[in-house]
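Written below as structure tokens is the structure these notes are about.
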Amino acid sequence: MLAYTIRRLLSMIPLLILISVVVFSLAKLMPGDPFTGEIDPNNTNTEYIEEMREELGYNDPILVQYQRWVTNVLQGDFGKSTTYKKPVTEVIAERLPNTIFLAISALIITYILAFTMGMYSGRRPYTLGDNFIATFNYTGIAIPQYIVAIVAIYFFAFQLGWFPSGGSITPGLEQGSMAFWTDRIYHVILPAITLGLFSTASYTQFLRNDIVQNSKQDYVRSARARGTKESVIYNKHILRNSVIPLVTFFGFDLATLIGGAIITETIFTYPGIGMLFIDSVTTRDYPVVMTLTLVFSFLTLAGNLIADLLYGVVDPRIRY
Amino acid sequence: MPQEQHDQNVLDINNLHTGFLIDGELHHAVVDVNLSVKPKEVVCVVGESGCGKSVMSLSIMNLLPKINSKISKGEIIFNGEDLTQKTDEEMNKVRGKDISMIFQEPMTALNPVFTVGSQLQEVLFNHTDMSKQEARERGIDLLKQVGIPRPEKIIDEYPHQLSGGMRQRIMIAISIALNPKLLIADEPTTALDVTVQAQILELMKAIQEKEDMAIMLITHDLGVVAEMADKVIVMYAGKIVETANVVDLFTEPKHPYTKSMISSIPRMDEQKNKLNTIDGIVPSLKNMPHVGCRFADRCPKAFDDCTKITPQLAKVSDDHEARCLLYDACYPDTSSIEKEEVNQ
């Protein structure tokens, strides 16, 4: 397993190089630069802006700029945010915990809903309950996330007033206190449900279908033939087998959650890296955009690696 | 049958009808099956694919999918109780303890994600209060009994690490774990290669003699029948067509179907260019003839009556029953005509 992990990590290097080229090119291809929109060209001396561009290296040949960027990144220097005038790592580090908190909450909601509904449906396929769950899920997956988010804000925040419509915390609470954490959970529930519902549909239907398929397997019949209770057959024998393909979903999910958070966080004005990404694109904050894209790419790769390693844990037939 | 003898039987199946719902209609795959299994007896049920052998055995275990099948008539008496009347929870107490079953496909009969030991111990935990340690020891002991080398190691291995023959041995170990009175084996050797087949049959025979259990062996291999059986039941298209002890069946087969099957066995002492076969296939459930002998259109000896009169199972000589109009005893009396109407 260790050898396999090392091999996989090494094989990530060429991918990361490729990603860095794409990320850099995309950033360069975006029209404008940090001075666009930030500085009023009518009030500022254009020569001064040109001078600044020269000083910051924006006029150097692309290859030189790329080499400079990569060298810095490899040394852990991701540059300075042009908007916040702080190192990028610091800006991201401030926001990252919020996003991780949101992603984990969403994942928990997804798992609770998907396992409850999937196990219910899988055991009673083609019944009224199963059809109801399927309808709910397919409707859920068909409605775009931003609509779900806006509708959720309208009903639960404005009409019913159950949840706040934005933010991640009420200002002025003592960090680490009980009230601080309950307030954070209170703020994260609505965006987490919106984000979690998105993956719930695919998880549920996949789990349901896999349970239905597994329930026809020979090993189920032989378990029945030795007098095993129906609940044990479903909750132990079948579920243990049906969890295996869900691991693949987990791999994609890491990236999907962070990616999905871009929309959700923006709508809920939840200060995580998703919202930071959108803001940075608007302000042409290259260093932040590039670093975040790198982080997203890296998370996708890491998610897949974790999924592959998890296979070895949940499926005894797979050994690395 | 005298009451006394009846009581001694391990299993009595009376007038069993099992059907499948196809497009909302019930079609019977097993019709009017009557049979009994005595203690320590090996009863072989033979017939082609689609003859209702497996459906009958699954009916005994009540393992047929409830959604599209049901036992519409008859009783299955085991231990003085009618198994067809039992709920699933009640059947769970019988399955694996008093009656156990092994299946055709050892490669898929074990759950791939649990160790051999955990599946073996499951049957013990289902029916006894054994502790983990006791169950493990009993498990190792059982693996030893079925001839598994290094049982202490194999018990912690996963099914994919073992060969087909080994897995079938493990299935046998699971099925004999609680000394059942009856073991139903549904083509246990079909998926195994020939040398392993012989080993598995020998093992079953040895265990049967040691543990005093009865075996109902379902097979389409007459070689297996000759080796194992005390009594043979030949089924065709859901009905029993002949019942005899093993010697009589091979020396004096009565039903044309049995005769054709026996003549289809390749023999080493005969020089033949072409192997005998039975033309045609078993009619499907939906195309089953309602009147007449179900074998009539494939039968070399069919005559006019065969498609018009439904034969009944009757004694054609001592301890030998057949269902064929070549024997006068098989012409139906009025009561069995009524019986036939139920099946339509």
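Values computed for the structure shown
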read-out	value
Residue in segment A:167-185 that is farthest from A:G140 (Cα to Cα), counting only those that are buried (at least 16 other Cβ atoms within 10 Å of the Cβ) and not aliphatic (A, V, I, L, M)	A:D183
Scope segment A:275-302; condition of a type in the set (G, A, S) and buried (at least 20 other Cβ atoms within 10 Å of the Cβ); matching residues	A:S280
The one condition in (1) surrounded by fewer than 18 Cβ atoms within 10 Å (Cβ to Cβ); (2) farther than 27 Å from B:R323 by Cα; (3) touching a Gly at 6+ places or on another chain (Cβ under 9 Å); (4) hydrophobic (A, V, I, L, M, F, W, C) that B:L26 fails to fulfil	(2)
So A:R284, is it within 14 Å of chain B (Cβ to nearest Cβ) and modelled with pLDDT under 90	no
Residues satisfying the stated conditions in segment B:256-313, i.e. of a type in the set (F, W, Y) and surrounded by 12 or more Cβ atoms within 10 Å (Cβ to Cβ)	B:Y257, B:F295
Qualifying residue in segment B:40-52 (condition: among the polar types (S, T, N, Q) and modelled with pLDDT of 90 or more)	no
Segment B:51-74: number of residues that are more than 14 Å from every other protein chain (Cβ to nearest Cβ) and surrounded by 18 or more Cβ atoms within 10 Å (Cβ to Cβ)	7
Tally, over segment B:105-140, of residues that are part of a helix (DSSP H, G or I), surrounded by fewer than 18 Cβ atoms within 10 Å (Cβ to Cβ) and facing another protein chain (nearest Cβ under 8 Å)	0
Looking only at segment B:141-188, and only at residues there that are among the basic types (K, R) and assigned to a loop (DSSP other than H, G, I, E, B), the one that is farthest from B:V116 (Cα to Cα)	B:K181
Any hit, segment B:108-128, residues being within 27 Å of B:G19 (Cα to Cα) and either modelled with pLDDT of 95 or more or within 28 Å of the chain's Cα centre (by Cα) (or both)	yes
Number of positions in segment B:143-173 that are farther than 20 Å from B:A198 by Cα and aliphatic (A, V, I, L, M)	2
Residue among B:I278, B:I265 that alone is assigned to a loop (DSSP other than H, G, I, E, B) and touching a Lys or Arg at 6+ places or on another chain (Cβ under 8 Å)	B:I278
Members of segment B:75-101 found to be at the interface with chain A (Cβ under 8 Å from one of its Cβ atoms) and touching a strand residue (DSSP E or B) at 6+ places or on another chain (Cβ under 8 Å), listed by number	B:V94, B:R95, B:S100, B:M101
Residue match in segment A:307-314 (condition: over 30 Å from A:L190 (Cβ atoms), away from chain B (no Cβ under 14 Å) and part of a helix (DSSP H, G or I))	yes
Complete set of residues in segment A:97-120 that are under 15 Å from the mean Cα position of the chain (by Cα), buried (at least 17 other Cβ atoms within 10 Å of the Cβ) and not aromatic (F, W, Y)	A:N98, A:T99, A:L102, A:A103, A:S105, A:A106, A:L107, A:I109, A:T110
When residues of segment A:202-228 are limited to those that are among the hydroxyl-bearing types (S, T, Y) and more than 8 Å from chain B (Cβ to nearest Cβ), the one nearest to B:P159 (Cα to Cα)	A:S215
Matching residues in segment A:240-255 - criterion: being under 29 Å from A:I143 (Cα atoms) and either at the interface with another protein chain (Cβ under 7 Å from one of its Cβ atoms) or surrounded by fewer than 20 Cβ atoms within 10 Å (Cβ to Cβ) (or both)	A:V243, A:I244, A:P245, A:V247, A:T248, A:F249, A:F250, A:F252, A:A255
A:I263 being among the hydrophobic types (A, V, I, L, M, F, W, C) and within 16 Å of the chain's Cα centre (by Cα)	yes
Members of segment A:259-274 that are surrounded by 24 or more Cβ atoms within 10 Å (Cβ to Cβ) and assigned to a helix (DSSP H, G or I)	A:A261, A:T264, A:E265, A:I273, A:G274
Conditions (1) at the interface with another protein chain (Cβ under 9 Å from one of its Cβ atoms); (2) in contact (Cβ under 8 Å) with a residue 60 or more places away in the chain: number failed by B:V146	(1)
Segments classed as strands (runs of 3 or more DSSP E), wholly inside segment B:1-71, with at least 3 members that are more than 18 Å from B:M101 (Cβ to Cβ)	B:11-22, B:25-37
Total residues in segment B:285-318, condition under 12 Å from B:H255 (Cα atoms) and of a type in the set (G, A, S)	3
Identity of the residue in segment B:174-195, under 22 Å from B:K210 (Cα atoms) and free of Cβ contacts under 8 Å to residues at least 60 places away in the same chain, that ends up farthest from the chain's Cα centre (by Cα)	B:N179
Among (1) within 11 Å of chain B (Cβ to nearest Cβ); (2) buried (at least 19 other Cβ atoms within 10 Å of the Cβ); (3) assigned to a helix (DSSP H, G or I), the one test that A:K236 misses	(2)
Test for A:S231: is it surrounded by 22 or more Cβ atoms within 10 Å (Cβ to Cβ) and within 14 Å of another protein chain (Cβ to nearest Cβ)	no
Number of the condition not met by B:H160 [criteria: (1) facing chain A (nearest Cβ under 9 Å); (2) surrounded by 21 or more Cβ atoms within 10 Å (Cβ to Cβ)]	(2)
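The values are calculated or read from the model by the stated rules, or taken from the named source; none is laboratory data. None of the values given here were measured: they were computed from a predicted structure. Positions of Cβ are generated from backbone atoms using ideal geometry, with glycine treated the same way; all protein chains shown enter the neighbour counts.
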